[in-house]
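Here's the structure, in structure tokens; my notes come after.
What follows draws every value from the coordinates through simple rules; no lab data is involved. Treat the numbers as computed from the prediction; the structure is a model and nothing was measured. All Cβ positions, glycine included, derive from the backbone under ideal geometry; neighbour counts span all protein chains shown.
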Amino acid sequence: MSDGQRILIVDDDLDFSESNRDLLEAAGYVVETAPDGAQGLVKARSWRPDLMILDVMMTHDTEGFEVARAIPDDPALKGLKVVLVTGIRQEKGLAYAFEPDPTWLPVEQVLEKPVPPEMLLKVVEQALAG
């Protein structure tokens, strides 16, 4: 299971962060939250999570993409796994889906909000196992 692995949820939606914090803590994970990308990066550098669950649209529409692309270049965060969770397609009426890409979108997986709790748990477990 989780063995107390650390997960950082970076999302400006307090309800999303708190409900998923409760879900993940019940599954044995240690969870912290941050309300935006800048604070998420600061917390990730100091707290050293095993996984970041990252929203896209926070202080601006592409913030999560920028954070995801900054992580591999940051020596303090190298190796941090990221699961992107977003509602950008629905919000912006985009006809295409985002997929992980080693250069443009270096994340483990992209999930569309709302994410069923059992799906989030499964994806987190898979990301941490890989």
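One table, with the values for the structure above:
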{"quantity": "Beta bridge orientation in the chain: antiparallel %, DSSP, nearest 5", "calculated": "5"}
{"quantity": "Residues L14, L8, L105, L54 arranged by fewest to most Cβ contacts within 10 Å", "calculated": "L14, L105, L8, L54"}
{"quantity": "Built amide H within the under 5 Å cut-off of L54, gap 5+", "calculated": "V10, V83, L84, V85"}
{"quantity": "Exposure proxy ranking, count of Cβ atoms within 10 Å, fewest first, for M119, M52", "calculated": "M119, M52"}
{"quantity": "Taking the convex hull of Cα positions in segment 1-65, its mean projected area over all directions (nm²)", "calculated": "4.0"}
{"quantity": "At most 16 other Cβ within 10 Å, DSSP loop - trypsin sites (Lys or Arg not before Pro), segment 1-78", "calculated": "K78"}
{"quantity": "Sequence-distant residues sharing a close amide H with V31 (under 5 Å, placed H)", "calculated": "I7"}
